[in-house]
C-alpha cells in the first residue's frame, strides 16, 4: 500500500542530529528526502562516529544512523549557480528543513519568505537551539548545553551525583521528533488549503515539553523537582532493585500490586508494617522499603523475578545494556532493525533503527541505504542545470 507521505518532497539542509532525525522520520513514512549538502565535506556527521575508518570515508556511523532512505546532492549555496539550483528545487518541494543558526538563510538570500514567494505552499521548518528570537537566539547549541539549561541535568542522578548528563542526546532527539510532528501537521493543512507554513522549533522548549511532570509539579504544585536516581517520585516501590545477578525495575504503583509483590517475595509482614501499609507512607519510607525488598530479591535473578512478577500483573523488567536490548526477543520479533548490504562507501552491512511504531498499511522504514555524498547529483540536479552548464562544471564550481 502507498506510504503515508508518498509524493511529499523534503529538502533536508540539516547537519548532525536534530534535523537529520526529523527528516529520517519523514523518509521512513515515504517522503522523498533530498539531503542538500556542502560539497566535499557534506553533513558534519559524515566525519563523526565510533569508527575512524568510516569517518575518513565520509560515511561515519553518526551519519549512517539517521540518513537511510534519503538522497544526497551537493550545492554551494554561497554561489549564484548554487542558489539558483536550490530555488528551482524549492519550487518542486513540499518542505524545507534547516538547522542553521538564526539568520544564516536570510544572509544567503534563501529566507523562508523568499522561498515562499516562489512556492506559496512550502512548509519551512527551522530547528535551532533556542528558537529564532530571544536573548539566546544566536548562541551555539549543543545537546549538553540544552540539557543543562532545560533543567534535565538537575533531575538526573542521585542527590549525591546530580547534576548529570542524560546518557544519550535527548535534547537533539526531542528537537527532531518535535519538528517532524509539526511538519506533518502543516502538511495536512497544505493538502487541504494549499497554504504553506513557517515552523520555528526550539530544542530548549522541546526538551522542556518532554519533561512533563517535572515541569508541571513546579508550575502547578510549586514543588521544585529533585534528583532521585532510579527512584520514581510518584510511587513506591517503584524504581530499580538489586537482585541475585542484576538490577530489576519494579513499578508496583497500585496498592494491589504492592500486596501481590509482598506475597510473591514471602514478606506478607510488609503489608501491615505502618511504614509501608499506605501509598504515601511508602513514599516517605521508600529507602527502608527498598532495603527490605532487596534482601528478598537477592534469592533469584532479575530475569526470573521479571517473569514471575509480570505473570501476576506486577510491572517489572530487567535493566539491560544497549546490545542486550537490541537482541531482546521482543525487539527481534518486532523487526526493529533494518539491514542494508551493500552500502556505497561502507565495507560492512549497515544496521539502522526503524521508526518506533508500525502501521497496518505497511510498516515505516527507510527504503534505501544512507547515500554517498552527492550520489544523486545527476538524477536530481542534472535536469535543473541551465543550458550550456554540465554536471561536471557544476561539481567543479562547487568543489
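The values are calculated or read from the model by the stated rules, or taken from the named source; none is laboratory data. Computed from a predicted model, the values in this text were never measured in an experiment. Every residue, glycine as well, gets a Cβ built from its backbone with ideal geometry; the counts of neighbours run over all protein chains shown.
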Subset of segment 375-394, residues outside any helix (DSSP H, G or I) and touching a residue at least 60 places away in the same chain (Cβ under 8 Å), comes to 375, 376, 385, 386, 389
- Query: Is segment 44-67 home to any residue that is under 22 Å from residue 126 (Cβ atoms) and surrounded by fewer than 18 Cβ atoms within 10 Å (Cβ to Cβ)?
  - Reply: yes
Picking from 114, 158, the residue that is in a loop (DSSP other than H, G, I, E, B) and surrounded by fewer than 19 Cβ atoms within 10 Å (Cβ to Cβ) would be 158
Quick count over segment 132-150, residues being at pLDDT 95 or above and in contact with a helix residue (DSSP H, G or I) (Cβ under 7 Å, 6 or more places away or on another chain), is 5
Wholly inside segment 1-105, helices (runs of 4 or more DSSP H) that include 3 or more residues that are under 19 Å from residue 372 (Cβ atoms) and over 20 Å from the mean Cα position of the chain (by Cα) are 52-56
At pLDDT 95 or above and buried (at least 20 other Cβ atoms within 10 Å of the Cβ): does that describe residue 180? yes
Residue 143: passes all of (1) without any contact (Cβ under 8 Å) to a residue 40 or more places away in the chain; (2) buried (at least 21 other Cβ atoms within 10 Å of the Cβ) but (1)
In segment 216-236, anything more than 30 Å from residue 291 (Cα to Cα) and under 25 Å from the mean Cα position of the chain (by Cα) is listed as 216
If you go through 397, 292, the only one that is within 21 Å of residue 244 (Cα to Cα), in contact (Cβ under 8 Å) with a residue 24 or more places away in the chain, surrounded by 13 or more Cβ atoms within 10 Å (Cβ to Cβ) and touching a helix residue (DSSP H, G or I) at 6+ places or on another chain (Cβ under 8 Å) is 292
Among residues of segment 323-363 being in contact (Cβ under 8 Å) with a residue 40 or more places away in the chain and assigned to a strand (DSSP E or B), the residue farthest from residue 28 (Cα to Cα) is 346
### Query
Can residue 137 be described as without any contact (Cβ under 8 Å) to a residue 60 or more places away in the chain, assigned to a loop (DSSP other than H, G, I, E, B) and farther than 16 Å from residue 36 by Cβ?
yes
Next item on the list: Inspect all residues belonging to segment 212-225 and state whether any of them is in contact with a helix residue (DSSP H, G or I) (Cβ under 6 Å, 6 or more places away or on another chain) and surrounded by 17 or more Cβ atoms within 10 Å (Cβ to Cβ).
Entry: yes
